[in-house]
Amino acid sequence: MSKNLDPTGDTNFVDLHLYSRLYEFPAYVKQASPQETLTPRELVNTAYADPRKRQFPCHTKAACWLSTLFFLEKRAGLNAKNATFVRKGLEQFARYHGIEADVRSLLAKHNELHKQADADLPDSAFAIVWVDEAGGKDRRYPLRNSLEVKAAADWFAEHRDHFIFADRQRIAEKILEKAAAFGVGFPPELDTLLEKQAGRGVYDPGEAATMLRNRAKLAKVPKEASERLVKLAEALEGNAMLAEDPSTTSVLAATVDQFDRTFGVKYSQSFPRPEDVLFKGVLKHAAEHVKFACGTLTGAVYDNRQFAKLSVDQVRDALGSDVARAVTTGLRIDPEKMAEVAPTLPLPDAQRLDRIMSSVGQAPTRHKAGAVGLQAEDRKKLAAEYRFANALPEVDSLPQPTGVGGSRLIGQPV
């Protein structure tokens, strides 16, 4: 926690001077000694609202009121869990000192000031925008600076299950966009979580099919819905290009999420969250693989560094002297040159390349369908497979989120 989040860090009284122009300080605060209130010494840990960090001193009425003010103004710098802990401590001290009425007035003034400021912000400046049926908006978690972006990310990681997948995706996208704009870096685990929630990744068809089949075996799932899941699993295994179509994968994730909520699926190792399977290959972390990926007409995709395992004689015998000369540097196969030639090989030669790669123990990293992407008609057919007949509402008939950053909230996230 940064020291400047509470009054003890305001050693030059810069923040105090600013706040004195915005708020009406109670008489006991005006009369208090700044040295005693803002820079207390030799206090026991229990005199702080956060005794673990010795932050937000509350040893006097004036100190408690000022710590509450600094907390309200700088709360974005705390993660959700710590903010809740500090808030409860401040409330307890306010009751102890008998200044609850003053704290309520302070909170009202703070809300008034920030409501006026937030009113001028566009919806895109908030992680969550909820639009009710009457058109009213509830905008939460502003993303105006790096501290607020970090706070929103921490909160979202803790409360993401309150939202359907479509809303989770919008919120995560907004947080990542603002993080990029402000140069915010997240810890690896949180960064991966946000990337998955934003739908930025690809999946292994076999693993996705297993996810669906495991759900189909649940006793509480109607037979028709179970059969649909099995059929969908077969479709995923039979069409590798589905894994590389982001819009289709997002629809699939939303559908599985809907299924899980309908049938009360409890997440575990056997029943992972859909986004942990469908976006497991986070694109940001797959950049190295993409850099070295080389596909051929057979649909095999190799890491071009694998070609270094081939000998010049093997390439010459399988693909001819001209190809061997084109991909050789000195007495060895040059992986980069081979990666340039391999995609241009006609199908018979590409098949021979697969055989010699197999002979040196180099299997493709994955297989890819010849066509790239999905046509609109193919998406429509696939969407039909994503619907579980009468067991679940059709995806297209579900209420659609409105606004920016995820609007239709599930439960009460705050």
Length released on extending from ASP161 to THR46, taking residue separation times 0.36 nm less the Cα-Cα span = 37.9 nm
Region 328-366 scanned against label point 7 Å out from SER321 along Cα→C-beta; backbone N under 16 Å for 328
Contour minus Cα-Cα distance for HIS114 and SER311 (0.36 nm per residue) | 64.0 nm
Sticking with the crude label model, points 7 Å out along Cα→Cβ, report the distance from LYS337 to ALA27 in nm, one decimal please.
-> 9.2
Expressed in nanometres to one decimal, the distance between label points 7 Å along Cα→Cβ at LYS280 and ARG355 is 3.3
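Using 0.36 nm per residue, how much length does the chain from THR328 to PHE271 gain when fully extended, once their Cα-Cα distance is taken away?
Values: separation 57, 0.36 × 57 = 20.52 nm, distance 4.87 nm.
Extra length available between THR328 and PHE271 comes to 15.6 nm.
Rule-based calculations on the coordinates, nothing more; no lab input. Just so we're clear, the structure is a prediction, and the values are computed from it rather than from any experiment. Positions of Cβ are backbone-derived with ideal geometry, glycine not excepted, and every protein chain shown enters the neighbour counts.
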